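The values are calculated or read from the model by the stated rules, or taken from the named source; none is laboratory data. Note that the structure is a prediction, hence the values are computed from the model and not measured. Heads up, the Cβs are rebuilt from the backbone with ideal geometry, glycines too, and the neighbour counts pull from every protein chain shown.
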Amino acid sequence: MLDTDQEYLTTGQVAKILHCSRVTIFKWVLNGRIDAIKTAGGHYRIPKENIKKFLQPQQSDSEQPAPGGRKIKILVVDDEPHIVKTLVIFLKKSSPVFDVYGTTNSFDAGRLMATFKPDIAIIDIVMPGMDGFEIVEKIKSDPITKHTKIIVITGYGTKENIEKIKAKGANLCVLKPFDYRELAEQVKELSGIKT
């Protein structure tokens, strides 16, 4: 991931490493989440060390374990492998109580709902071979999985879609591109972990 010999990276290179848009990186630089240097030409260069620091978990010393002292099971479902991989890694690093599994396959997602029995499912509602609205409704209507809290991630965040998915039972709708740290905080909040 950071196996480049370059000491400074462009916002585009960092966006590729973190699997998000250049606009997201630019916003993070402007609000101070990532330290960068502004060139004479007005471009930002980000020291590689700052990216390593950014990727470190930001766990609070006051973070409390999950209710009952058990692991919180999280299932990530998205057809974009880089989003699944990055989100799984980021969530695992954000809290030691998270047991995270990810898949890009809608069939595996259905199987894992029954076998892994996640406490929280993070689901992209637009995937090949899967109607996300229908999936959320099925999860919430099944006695075995109805306790699962659902975070929907989508690049199609129309007001109509957000209202429809929440009516089907989703707890939260997050628009792509999303901030991994904010999503991790939202997962902690939904799981009852006090930070």
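A quick yes/no check of all residues on (1) closer than 27 Å to A15 by Cα; (2) small (G, A, S); (3) outside the structural domain of P81 (by TED's automatic domain parsing):
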{"position": "N105", "(1), (2), (3)": "yes, no, no"}
{"position": "L112", "(1), (2), (3)": "no, no, no"}
{"position": "E137", "(1), (2), (3)": "no, no, no"}
{"position": "G155", "(1), (2), (3)": "yes, yes, no"}
{"position": "A170", "(1), (2), (3)": "no, yes, no"}
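Would you pick out the residues in segment 14-34 that are in contact with a Pro (Cβ under 6 Å, 6 or more places away or on another chain) and assigned to a loop (DSSP other than H, G, I, E, B)? Break it down stepwise before answering.
The first filter runs over segment 14-34 and keeps only residues in contact with a Pro (Cβ under 6 Å, 6 or more places away or on another chain), leaving 20-21, 24.
If the condition is that a residue be in contact with a Pro (Cβ under 6 Å, 6 or more places away or on another chain) and assigned to a loop (DSSP other than H, G, I, E, B), then C20, S21 are the ones that fit.
Can you work out which of the residues in segment 163-187 that are touching a Cys at 6+ places or on another chain (Cβ under 7 Å) and buried (at least 18 other Cβ atoms within 10 Å of the Cβ) is nearest to S94 (Cα to Cα)?
The first filter runs over segment 163-187 and keeps only residues touching a Cys at 6+ places or on another chain (Cβ under 7 Å), leaving 165-166, 177.
This time we only want the ones that are buried (at least 18 other Cβ atoms within 10 Å of the Cβ), so: 165, 177.
Details: I165: 27, P177: 19 Å.
Taking the candidates together, the pick is P177.
Select from segment 137-162 the residues that are within 21 Å of L91 (Cβ to Cβ) and aliphatic (A, V, I, L, M) and write down the one among them that is surrounded by the fewest Cβ atoms within 10 Å (Cβ to Cβ).
I151
Any residue at all in segment 93-116 that's touching a Phe, Trp or Tyr at 6+ places or on another chain (Cβ under 8 Å), more than 26 Å from I17 (Cα to Cα) and not aliphatic (A, V, I, L, M)?
Within segment 93-116, one or more residues are touching a Phe, Trp or Tyr at 6+ places or on another chain (Cβ under 8 Å), more than 26 Å from I17 (Cα to Cα) and not aliphatic (A, V, I, L, M).
Can you tell me which residues in segment 69-119 are over 11 Å from the mean Cα position of the chain (by Cα), touching a residue at least 60 places away in the same chain (Cβ under 8 Å) and part of a strand (DSSP E or B)?
I72, F98
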